[in-house]
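Enquirer: Before we start, here is the structure in question, set down as structure tokens.
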Amino acid sequence: MNLNELIRKNILELHPYSCARNEFQGEASVFLDANENPYNSPLNRYPDPLQIELKEQISKIKNVPVENIFTGNGSDEAIDLLYRAFCEPNHDNVVAIEPTYGMYKVCADINDVEYRKVMLNENFDIEAYRLIDATNVRSKIIWLCSPNNPTGNSLNRTELHKILKWFRGIVVIDEAYIDFSTGGSFSSFLSEYPNLVVLQTMSKAWGNAAVRLGMAYGSAEIVNVLNKIKYPYNVNILTQNAVVEALQNPEQMHEWVDKLLVQREFMIKELEKYNFVNHIYPTDANFILVKVKDANSLYKYLVKKSIIVRNRSNVSLCENCIRITIGTPQENKILLDELKRY
């Protein structure tokens, strides 16, 4: 794969903005280069635009080299930047599974890129040849979410490898829920597949949704392109510090995940007892997709009881399905008790 043939011509020729912290990196006694207010330390100083300390901590935990890590304002920033880097508006297209995370389609619409949907099969899984058949010479990205949202299942790894081998564009595997799955991360295959981008986040297993930190792992060449077009200080210092602190205590994350997995199995067993539940789909995430007799009625009932789940009936293949996030034992009990009265 020749990455330069995939990058938009204007991006390839772009001279990126050079901020003060790009031009000088290191320690000094006096900083008079960035027009910062000299008062209110340390918040008066611009943060590291490349988040090196943060990436070093991520590298230790995720076993991904620093040069292969991009960090952004949630995974959504990386999704948008991938469109802007590789997809020429009103010319190129992308292919994605359906149903899946909605921001892939939203970003395609924002960037004026054709979005081609390939429906999952009856098991909510993929068939590589169908995704490849949906591509043409203008297809730049294939979007895959595993474990998938809203279905919860991990995609067939053999089929994922086929797509990575067959497709001549960028293959994105979004692993937002990977810490709840028994399957390993595809980040271990970065050296094997130069077209692979893996997305992960601090929002789910790490319990840091509010700080907005997403990671994209890819070849150094792909990471360099994303760094070239991102905003100069895209990750603020409060987020950087909060995530560095969280990454120093991975045991806490594992403890939370273990508790949620126990509750996930408990919730599945309990939900199976209700006569209005038609099917509970297999899940590798921190949520359960449940097919019920009347999702709209159930959703409205729970809202009246101040319990909010997600009604997914408007999503392809998910008619009369609700998505239930696994909460604390107390939250889960409140839900189950109200369902008994439904």
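Enquirer: If you place +1 on the Cβ of every Lys and Arg, -1 on the Cβ of every Asp and Glu, and leave all else neutral, what size is the dipole of region 1-127 about its Cα centre, to the nearest 20 Debye?
Expert: The calculation lands at about 200 debye.
Enquirer: Report the label-to-label distance for ALA34 and GLU255 in nanometres (one decimal), using points 7 Å from each Cα along the Cα→Cβ vector.
Expert: 3.5
Enquirer: Rank these for me by crowding, ASP92, ASP48, ASP294, going from fewest to most other beta carbons within 10 Å.
Expert: Neighbour counts put them in this order, fewest first: ASP294, ASP48, ASP92.
Enquirer: How much net charge surrounds HIS91 when only other residues with a Cβ under 10 Å from its Cβ are counted (Lys, Arg +1; Asp, Glu -1)?
Expert: Residues close to HIS91 contribute a combined charge of -1.
Enquirer: Another question, if that's okay. Let a ≥ b ≥ c be the square roots of the eigenvalues of the Cα gyration tensor of region 251-341; is it rounded (a/c under 1.5), or, if not, prolate (a/b larger than b/c) or oblate?
Expert: Note, shape of region 251-341 comes out prolate.
Enquirer: Assuming R0 = 45 Å, can you tell me the calculated FRET efficiency for the pair GLU13 and MET119, based on Cβ-Cβ distance, to the nearest 0.05?
Expert: Approximately 0.70, to the nearest 0.05.
Enquirer: Whole Å is fine, so just give me how far the alpha carbon centre of region 1-20 lies from that of region 134-186.
Expert: Region 1-20 and region 134-186 have Cα centres spaced 25 Å from each other.
Enquirer: Something else: Which FRET efficiency value, to the nearest 0.05, is calculated for SER297 and GLU88 with the Förster distance at 56 angstrom and r the Cβ-Cβ distance?
Expert: So, using R0 = 56 Å, E works out to roughly 0.75.
Enquirer: Given charges of +1 on the Cβ of Lys and Arg and -1 on the Cβ of Asp and Glu, with all other atoms neutral, how large is the dipole of region 251-341 about its Cα centre, in debye to the nearest 20?
Expert: That gives region 251-341 a dipole magnitude of about 520 debye.
Enquirer: Compute the long axis of helix 237-247 from its Cα atoms, compare it with the longest principal axis of the Cα atoms of the chain, and write down the angle in degrees, 0 to 90, nearest 10.
Expert: Here the helix axis deviates by roughly 60 degrees.
Enquirer: Which of the listed residues, ALA285, ILE307, THR328, is farthest toward the dipole's positive end in region 220-342, when Lys, Arg count +1 and Asp, Glu count -1 at the beta-carbon?
Expert: After comparing all options, I get ILE307.
Enquirer: Something else: Cross-link list LYS117/LYS140; LYS305/LYS333; LYS273/LYS340; LYS55/LYS105; LYS117/LYS291: which exceed 19 angstrom alpha carbon to alpha carbon?
Expert: In this structure, LYS55/LYS105; LYS117/LYS291 exceed 19 Å between Cα atoms.
Enquirer: Just to confirm my numbers, what's the Cα centroid distance between region 280-342 and region 85-113 in Å?
Expert: Using only Cα atoms to place each centre, the spacing works out to 29 Å.
Enquirer: By the gyration tensor of its Cα atoms, with a ≥ b ≥ c the square roots of the eigenvalues, what is the shape of the chain: rounded for a/c under 1.5, prolate for a/b over b/c, or oblate?
Expert: Oblate shape, in that a/c is at least 1.5 and b/c is the bigger or equal ratio.
Enquirer: Give the longest segment of the chain that steers clear of GluC sites (Glu not before Pro) in DSSP loops with at most 12 neighbouring Cβ atoms within 10 Å, not counting the sites themselves.
Expert: 28-121
Enquirer: If one takes the longest principal axis of the Cα atoms in the chain, at what angle in degrees, from 0 to 90 and to the nearest 10, does the Cα axis of helix 52-62 lie?
Expert: With both axes taken from Cα atoms, the answer is about 40 degrees.
Enquirer: I've got another one for you. Once both labels are modelled 7 Å past Cα along the beta-carbon direction, what's the GLU56-LEU238 spacing in nm?
Expert: With each label point 7 Å from Cα toward Cβ, the separation is 2.5 nm.
Enquirer: Hey, if you put +1 on the Cβ of every Lys and Arg and -1 on every Asp and Glu Cβ in region 3-248, which of VAL223, THR71, ALA246 ends up farthest toward the positive end of that dipole?
Expert: VAL223
Computed from the coordinates by the stated procedures, all read-outs in this text should not be read as laboratory data. Quantities reported herein were computed from a predicted structural model and do not represent experimental measurements. Counting neighbours? That spans all protein chains shown, and the Cβs are built from the backbone with ideal geometry, glycine included.
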